[in-house]
Each structure stands twice: as structure tokens, then as C-alpha cells.
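What follows is a short report on a single structure.
The values are calculated or read from the model by the stated rules, or taken from the named source; none is laboratory data. These numbers come from a predicted model, not from an experiment. Virtual Cβ from ideal backbone geometry, glycine too; neighbours counted across all protein chains shown.
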Amino acid sequence: MSNQSMSCQGLRLLVVDDDADTRILLTFLFELEGAEVIAAASADEALKIMSSFKADILISDICLPDEDGYSLLLKVRNLEAKRGRKIPAIALTASIVEDDRKRALSAGYDIHQCKPIDLDELTSMVATLSRTEQYV
């Protein structure tokens, strides 16, 4: 993970997952890599955070308790478009079904990542997405 540290340094990440262990793990991982991380347990909580936190990347579970990650991404992208930005997004899911991967990508997620999470791979994905154009 250390070879990606400089790429995550200074990034602002919003992690959305209803599983507390996943939120803690990802927060710990990316804070070690130099990112600022805020974690939310639901789509509603994530949207409230987004009103005051300008995240560089969204990492979201698809299955959330109040609404799914697809509708969350749509709302986040609409909010960010008003700010003149397009936030890159990673979908996390327990589903390994190809149709679910296609659905996540067609919904607008840049990357679909299956759980269990390969931490090195996820760190690399975040570093790669951080270099993408974020302005519309």
C-alpha cells in the first residue's frame, strides 16, 4: 500500500457502507495513506455530508438501508454538477454477478469492486481515479 501513499495524500474521500467494520477499515486504510475520510452508514447521511464536504472520490456500497447506491450516485452527481464538478465513484458490492457489474457501470460508477475488498487494489483504484478530470 505504501507505493500509493503519495497518490492518496490530500484526497478527500466519502465512504458509504452500512457495515460498520467496512467503514472503520476503509477510513483507517485511507487515513494511513494520507487522505481525509468521512464515512456514512446510509445514503441520507452521505447526502447530508456532501452538502458541506467536498469529496474528491465517492466509495459506496450498493446495498444501503435507506436507498440503493445507484440512486445515491445520481443525487451526488446532480449535486456536484451544480458545483461544476463530476465526482469519480467506486461501487462496492458483495455481488459477483456480471449483470450487477454492468448495472453499476451503466449507472455511472467508474469502477465496480466486489467484496471482500483487496485493499491494495482499492488503494490503487483510488489513486488512479484521483488523476481523472473532475470538472464538467
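Of the set (1) assigned to a strand (DSSP E or B); (2) surrounded by fewer than 20 Cβ atoms within 10 Å (Cβ to Cβ), all apply to residue 96 but (1). If the condition is being under 23 Å from residue 23 (Cα atoms), free of Cβ contacts under 8 Å to residues at least 40 places away in the same chain and out of contact with any Phe, Trp or Tyr (no Cβ under 6 Å at 6 or more places or on another chain), then segment 81-104 contributes 90, 93, 94, 95, 96, 100, 101. Answer with yes or no whether residue 65 is touching an Asp or Glu at 6+ places or on another chain (Cβ under 7 Å), at pLDDT 90 or above and surrounded by fewer than 17 Cβ atoms within 10 Å (Cβ to Cβ). Yes: the conditions hold for residue 65. Would you say residue 77 is assigned to a helix (DSSP H, G or I) and at pLDDT below 90? No. Residue 84 passes every criterion in (1) surrounded by 14 or more Cβ atoms within 10 Å (Cβ to Cβ); (2) at positive phi apart from (1). Against the condition surrounded by 14 or more Cβ atoms within 10 Å (Cβ to Cβ), under 19 Å from residue 9 (Cβ atoms) and either under 13 Å from the mean Cα position of the chain (by Cα) or among the small types (Gly, Ala, Ser) (or both), how does residue 123 come out, does it pass? Yes; evaluated as a whole, the condition is true for this residue.
When segment 50-78 is filtered for residues that are within 15 Å of the chain's Cα centre (by Cα), more than 17 Å from residue 38 (Cα to Cα) and not polar (S, T, N, Q), the ones remaining, listed by number, are 62, 63, 68, 70, 74, 75, 77.
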